[in-house]
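A quick write-up on the structure given underneath.
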Amino acid sequence: MADWTGRLLVATPQLLDDNFVRTVVLLLQCDDEDGALGLVLNRPTGTEVGEVLDAWHPHAAEPGVVFSGGPVQPNAAICLGHGRPGAAPVASYSVLEGSPGTAFGTVDLDAEPADVMTAVTEVRLFAGYAGWSVGQLEAEVDEGSWWVLDALPSDAFTDRPERLWRDVLRRQGAPIAFAAGYPDDPSLN
């Protein structure tokens, strides 16, 4: 299995599964032992971070809401931190191996926010995650459901998540960039 940790999975227009239509997923893990695990970056909910974890609300990236990270274990929380350049490591923040410039990592929500914020600039809270068994994700990529693309630090913490799918596609070269203009309903084209 390819190690795509720290990269983006971007749904192609052919992916019609309601859980993943036009999603952008940041891969947190991808290996031959456990398969793949990621967070959907562009599905904000209407729930403010302060409603579920008040101590973390002042540190939440805009929009300061909980995101739906995927269909697996929707009652579980995963917190992503945006690494502070040059910060000393802290035990409650784990940088993703393979992420570009070590810009992303997971945050232990049981830690004191003040301790974590020495290593990160902002956090984003996700309910649930996306998961694939060993070989499943590669098969989906091979069948044309996903593009595997490089992530920018700003992708996981964008203040305009509803535009992320198109924005990521637009910065790619042809032919992928053309998909950014794919209509929501091709039958109306």
When you go through (1) hydrophobic (A, V, I, L, M, F, W, C); (2) exposed (fewer than 14 other Cβ atoms within 10 Å of the Cβ); (3) touching an Asp or Glu at 6+ places or on another chain (Cβ under 6 Å) one by one for Ala139, which number turns out not to apply? (3)
Any residue in the range 82-94 that's over 15 Å from Arg124 (Cβ atoms): show its pairings with residues that are surrounded by 18 or more Cβ atoms within 10 Å (Cβ to Cβ) and aromatic (Phe, Trp, Tyr) at Cβ separation under 9 Å, as long as the two are six or more apart or on different chains. Ala87/Tyr93
For the structure I just gave you, tell me whether Pro63 is within 30 Å of Trp147 (Cβ to Cβ), loosely packed, with under 15 Cβ neighbours inside 10 Å and either aliphatic (A, V, I, L, M) or over 13 Å from the mean Cα position of the chain (by Cα) (or both). no
Residues of the range 158-189 being modelled with pLDDT under 95 and either in contact with a His (Cβ under 9 Å, 6 or more places away or on another chain) or among the acidic types (Asp, Glu) (or both), which ones? Asp184, Asp185
Of Leu96, Leu109, Leu125, which residue is closer than 29 Å to Gln14 by Cβ and either modelled with pLDDT of 95 or more or among the aliphatic types (A, V, I, L, M) (or both)? Leu96
If the requirement is being over 18 Å from Arg160 (Cα atoms), surrounded by 14 or more Cβ atoms within 10 Å (Cβ to Cβ) and of a type in the set (Lys, Arg), which of these qualifies: Arg43, Arg84, Arg22, Arg124? Arg84
Neighbours by Cβ (under 6 Å, 6+ apart or cross-chain): first from the range 164-186, surrounded by fewer than 16 Cβ atoms within 10 Å (Cβ to Cβ); second among the aromatic types (Phe, Trp, Tyr): none
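The values are calculated or read from the model by the stated rules, or taken from the named source; none is laboratory data. Because the structure is a prediction, the values reported are computed rather than measured. Methodologically, a virtual Cβ is constructed for each residue, glycine included, from the backbone with ideal geometry; neighbour enumeration extends over all protein chains shown.
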